Amino acid sequence: MGNGTAAMARDFVEKFGIGFDVVTAPDLEAYRKAGLQRGLNLGLDTFKAGFRALKRGHLQGATKGDALQQGGVLIVGPGDTLHFAHADTGPGDHVEPQAALHHLPAPAGEPT
């Protein structure tokens, strides 16, 4: 989910060839309800993460949407069961995808 306009979301999907639904919440209500933080919180860890990204060849592009809104990862469902939550505390504070995916519920009929 992003917080830019619908046009920004369409551009993102086209630019990166996204093959799944992308939603946006420019009013930030979904972020508030999820308890996600807003602000920069620039500390030493932020600069370390930025340096690591730069060494790997990742450059910051133009910011779209609310630059102060921090993201996170929520794994919810089936129903309203929350399986995993991580709220970013600042830029570069991202959960590793495998750590989040480890919390996915097993498909129905499979042992957990």
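Helix 6-16 sits at what angle to the longest principal axis of the chain, using alpha carbons and giving 0 to 90 degrees rounded to 10? Tilt of helix 6-16: around 90 degrees.
Rounded to the nearest 10 degrees, the angle from helix 44-55 to the longest Cα principal axis of the chain is 90 degrees. From the alpha carbon centroid of segment 66-112 to that of segment 38-62 is 21 Å. What FRET efficiency comes out for the pair H58/A106, r = Cβ-Cβ distance, R0 = 35 Å, nearest 0.05? Calculated value: 0.60.
Identify the trypsin sites (Lys or Arg not before Pro) of segment 1-96 meeting these criteria: DSSP loop state and at most 13 other C-beta atoms within 10 Å of the C-beta.
Working: sites: R10, K15, R32, K33, R38, K48, R52, K55, R56, K64; in loops: R56, K64.
Taking segment 1-96 and a limit of 13 other Cβ atoms within 10 Å, the loop trypsin sites (Lys or Arg not before Pro) found are R56.
Placing unit charges on the Cβ atoms of the charged side chains and taking the dipole of the chain about its Cα centre, the candidate lying farthest along the positive direction among P97, F20, A30 is P97. Shape call for segment 1-69 from the C-alpha gyration tensor, a ≥ b ≥ c root eigenvalues: rounded (a/c under 1.5), prolate (a/b greater than b/c) or oblate? The shape class here is oblate. Averaged over its residues, the chain has an accessible area of 75 Å² per residue, based on protein heavy atoms and a 1.4 Å probe.
The values are calculated or read from the model by the stated rules, or taken from the named source; none is laboratory data. Because the structure is predicted, anything quoted here is derived from the model rather than measured. Backbone-built Cβ (ideal geometry, glycine too); neighbour counts: all protein chains shown. Surface areas here come from the heavy atoms of the whole protein model, side chains and all, with no ligands, DNA or RNA. Shrake-Rupley method; radii C 1.70, N 1.55, O 1.52, S 1.80 Å.
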